[in-house]
Amino acid sequence: MRHDLCVEYWKNENINELTNAAVMSKNLHYIKPDPKDISRRYFPNHEAAMSFAKSMHDQGYLTKIF
């Protein structure tokens with residue numbers, strides 16, 4: 001089976017900053033994660049990758065699909 005899509009995910013260290021509505025009006029700076037903290041999972045189709053990325057995002061992770 002060929003895996004076409006990869007989802008990278010890592011724990012969001014700035015989660016407390018994102019919960020305050022007043023803070024949402026300012027731009028948060030992107031902090032590049034340490035490569036050893038990034039996990040990867042491969043998927044055969046876009047729908048499965050999007051579903052997994054959304055579930056990880058709901059658990060407080062940042063995700064990247066490529």
Every residue from segment 31-66 that is in contact with a His (Cβ under 8 Å, 6 or more places away or on another chain), surrounded by 13 or more Cβ atoms within 10 Å (Cβ to Cβ) and part of a loop (DSSP other than H, G, I, E, B): none
Any residue in segment 48-66 that is under 18 Å from residue 33 (Cβ atoms) sitting within a Cβ distance under 7 Å of a residue that is surrounded by 15 or more Cβ atoms within 10 Å (Cβ to Cβ) and hydroxyl-bearing (Ser, Thr, Tyr)? List the pairs, counting only those 6 or more apart or interchain. 53/63; 56/9; 56/63; 57/63; 61/9; 62/9; 63/9
Step by step: first the residues of segment 1-41, then only those that are modelled with pLDDT under 95 and of a type in the set (Ser, Thr, Tyr), then the one that is farthest from residue 58 (Cα to Cα). Which residue is that? 25
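The values are calculated or read from the model by the stated rules, or taken from the named source; none is laboratory data. Keep in mind that this is a model prediction, so the values were computed, not measured. Heads up, the Cβs are rebuilt from the backbone with ideal geometry, glycines too, and the neighbour counts pull from every protein chain shown.
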